[in-house]
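Notes for the one structure printed next.
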Amino acid sequence: MPERSPAQWDRLLAFVERRVFRAGEDVIKRGEVDRALYIVVDGNLEARITEGAARKGAAVPVPAGSVIGEIGFFDGRARSATVTAVTDGEMLRLSFESFQALAVREPDLAQAMLFDLGRILAIRLRQTDEFIRGWIG
């Protein structure tokens, strides 16, 4: 969400909780239900989806500045991947309830965030589509 101004970030900070993570820690676990959105402030993570025989799964890097948890944030269902800290770092957690409070007090900011999240999902969907096309030929 790089287009947000410093003033918008200051307003957003009133609704989030800071969370420190340590290397090796699973910050999100596949299958858990948690309707929060996370913004990685510092450090590096990796997302991994394990399905069927692919017990290790492919790791997708999640650097500082990334937003994660957007699927569960929108649909309220179980997390689709496990996200593990590669390094120590910090992230911001915005619960769905806090987002609802933000939307009441700061509707323009909430709307801008929703458009940012929609753009992020669209980019990730295109990347997944390209991956599948390359995989199936």
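The values are calculated or read from the model by the stated rules, or taken from the named source; none is laboratory data. Keep in mind the model is a prediction, meaning the values are calculated, not measured. Don't worry about glycine lacking a Cβ; one is built from the backbone with ideal geometry, like all the others, and counts go over all protein chains shown. Please note that ligands, DNA and RNA were not included when accessible areas were found on the heavy atoms of the full protein model with its side chains. Shrake-Rupley method; radii C 1.70, N 1.55, O 1.52, S 1.80 Å.
Placing a pseudo-label 7 Å from each Cα along the Cα-to-Cβ vector at LEU121 and LYS29 gives an inter-label distance of 2.6 nm. Taking every alpha-carbon pair under 8 Å whose residues sit at least 6 apart, the chain reaches a relative contact order of 32 percent.
For GLY43, the residues whose amide H sits under 5 Å from its own are ALA64, GLU90, ignoring neighbours fewer than 5 places away on the same chain, with H placed 1.01 Å from N.
Neighbours of VAL20, meaning other residues whose beta-carbon lies under 13 angstrom from its beta-carbon, give a summed charge of -1 when Lys and Arg score +1 and Asp and Glu score -1.
Placing a pseudo-label 7 Å from each Cα along the Cα-to-Cβ vector at LEU114 and ALA64 gives an inter-label distance of 3.2 nm. Backbone phi angles across the range 32-45, fed through the Karplus curve with coefficients 6.51, -1.76 and 1.60 (θ = phi - 60°), yield HN-Hα couplings of 6, 9, 7, 8, 9, 10, 10, 10, 7, 8, 8, x, 10, 10 Hz in residue order; Gly and Pro are listed as x.
Take the Cα of GLU46, step 7 Å toward its Cβ, do the same at VAL20, and the gap between the two points is 2.5 nm. The figure for PHE15 is an accessible area of roughly 30 square angstrom, using a 1.4 Å probe on the protein chains alone. Within the chain, helices built from complete DSSP H runs that reach 24 Å or longer along their own axis (Cα positions) and carry a mean Kyte-Doolittle hydropathy of -1.0 or higher are 107-136.
For the chain, what is the accessible area per residue in Å² when the probe is 1.4 Å?
That works out to 61 Å² for each residue.
Zone of ARG105 (label point 7 Å along Cα→Cβ, backbone N under 20 Å): which residues in the range 2-42? The answer is 4-19, 36-39, whose backbone nitrogens lie closer than 20 Å to the label point. Think of each Lys and Arg Cβ as +1 and each Asp and Glu Cβ as -1; about the Cα centre, that makes the dipole of the chain roughly 360 debye.
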